[in-house]
Amino acid sequence: MLLGGVDVGGTNIEVGLVDAEHQVLARAKRDTPYGGPDAVIATIVELIESLDETPVAVGAGIPGVIHDGRALTVPNLENWVDQVDIGTELEQALGVPVALGNDVNVGLLGEWVAGAAHGFDNVLGVWMGTGIGGGLILDGRPFNGSRGAAGEIGHVVVRPGGGLCTCGNRGCVEAYAGRRSMAAIATAMVEAGRSTSLFEIRDAEGKQRLTSKVWARALEEADALAEQLFEMAIETLGIGVASVINTLDVELVVIGGGLAEKLGQDLADRIERAAAPWMLRPHPDLSWVPAALGDDSGVVGAAALARATVLAG
Ligand SMILES: [Zn+2]
């Protein structure tokens, strides 16, 4: 039984054909279109149809609040109007059952069934991307909250009255640690006279935006502004993560997203050090690790979600 997994990110959409052992047998990938839900749905359908075999069901991770197959809010995709019934539209277009989840919950699910979180009962997943996402495994099962909105660690407020967040509030973790916010701060600082190689690296890499690859290269080249903004990102993220650990007493923190893939254990260690001063009594064996499946965690998790839906009938 082959399942389709779809990972809709702010930068690209990836799909994969996944078997019962959580192995990705085939993959396809495209840039995320800017045209809103219809364009995203059309791209998903094209990508799934480009795979060698038709999956028996499809799971999709969407970067927003997902409840009952509807996308309640999708803050990090362009031109996305609220409350789109993307599940029904995808089912009609693909002709197979479709299960939807929040992209980070789905990514953590992938890590839980086949990656870094395998065998753990209480896990916090922190995904660093265009925004900052969070996911939870509690008491040995994925925890999505009463309406699918749990785990939004990016919108934990760490500096009241601070930087403007993509959600409209001020001082959220994401306002400092999300790539979109970091790019806006970098732009503002360049306009104020600071110099940085970030935008030259972006152009040299042929990117439209400051992607995780661009940030990783700037940090590697010891670009002062990149280091300063990255340090601020890690510091604020550490405060937010520590508060969640104090609340939930997890035993494992998994760091995912493009930066985790590029910086690996170093990134997990830096966030651990930033969180340490703010934690009360963490689990003595609390560990901090990067996601193990890399790019595949979303696709594997989405397929696992689809499998659960099919098996549930
Ligand atoms: Zn926010």
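Ranked by the mean number of other Cβ atoms within 10 Å of their residues, highest first, the peptides 275-287, 196-208, 172-184 come out as 172-184, 196-208, 275-287.
Placing dummy labels 7 Å off each Cα toward the beta-carbon, the span from Lys29 to Glu205 is 1.3 nm. Site pair Gln92 and Ser195 shows an inter-label distance of 5.7 nm when each label is modelled 7 Å from Cα along Cα→Cβ. With all pairs of separate Cα atoms included, the chain yields a Kirkwood hydrodynamic radius of 19.5 Å. When you restrict to C-alpha pairs under 8 Å that are six or more residues apart and normalise by the size of the chain, the relative contact order lands at 21 percent. Only bridges with both residues in the stretch 58-199 count here: give the DSSP antiparallel percent, nearest 5. Once the DSSP bridges in the stretch 58-199 are tallied, antiparallel ones form about 75 percent. Around the Cα centre of the stretch 1-77, unit charges on the Cβ atoms of Lys, Arg, Asp and Glu (plus for the first two, minus for the last two) sum to a dipole of about 240 debye.
When a/c reaches 1.5 or more, the comparison of a/b and b/c decides; with that in mind, is the stretch 1-41 rounded, prolate or oblate per its Cα gyration tensor? Because a/c hits 1.5 or more and a/b exceeds b/c, the stretch 1-41 counts as prolate. Each of Cys167, Ala226, Val214 was scored by the projection of its Cα onto the charge dipole of the stretch 159-234, and the greatest displacement toward the positive side belongs to Cys167; charges sit on the C-beta of Lys, Arg, Asp and Glu. When the helices of the chain are scored as -39500 (n - 2.57) per DSSP H run of n ≥ 4 and the total is divided over every residue, the value at 222 nm lands at -12000 deg cm²/dmol. Shape class of the stretch 171-313 from the Cα gyration tensor (axes a ≥ b ≥ c, square roots of the eigenvalues): oblate, since a/c reaches 1.5 or more and a/b does not exceed b/c.
Other residues whose C-beta falls under 15 angstrom from the C-beta of Ser243 contribute a net charge of -3, scoring Lys and Arg +1 and Asp and Glu -1. Within a Cβ distance under 13 Å of Val113, other residues only, what is the Lys/Arg minus Asp/Glu net charge? Once positives and negatives cancel, what remains is -2.
Note on the stretch 76-124: Cα convex hull, mean projected area over all directions, 5.1 nm².
A full extension of the chain between Cys167 and Leu311 corresponds to an added length of 48.2 nm, given 0.36 nm per residue minus the alpha carbon distance. Taking only the Cα atoms of the stretch 23-159, the radius of gyration and Dmax are 15.2, 49 Å.
Full extension of the segment from His118 to Asp249, taken as 0.36 nm per residue of separation minus the current Cα-Cα distance, would add 45.4 nm. Within the shell defined by Cβ-Cβ distances under 13 Å, the residues around Glu174 carry a net charge of +3, with Lys and Arg each +1 and Asp and Glu each -1.
Just so you know, all these numbers are worked out from the coordinates, no wet-lab data involved. Just so you know, these numbers come straight off a predicted model, no measurement behind them. Note: ideal-geometry Cβ built from the backbone for every residue, glycine included; neighbour counts use all protein chains shown.
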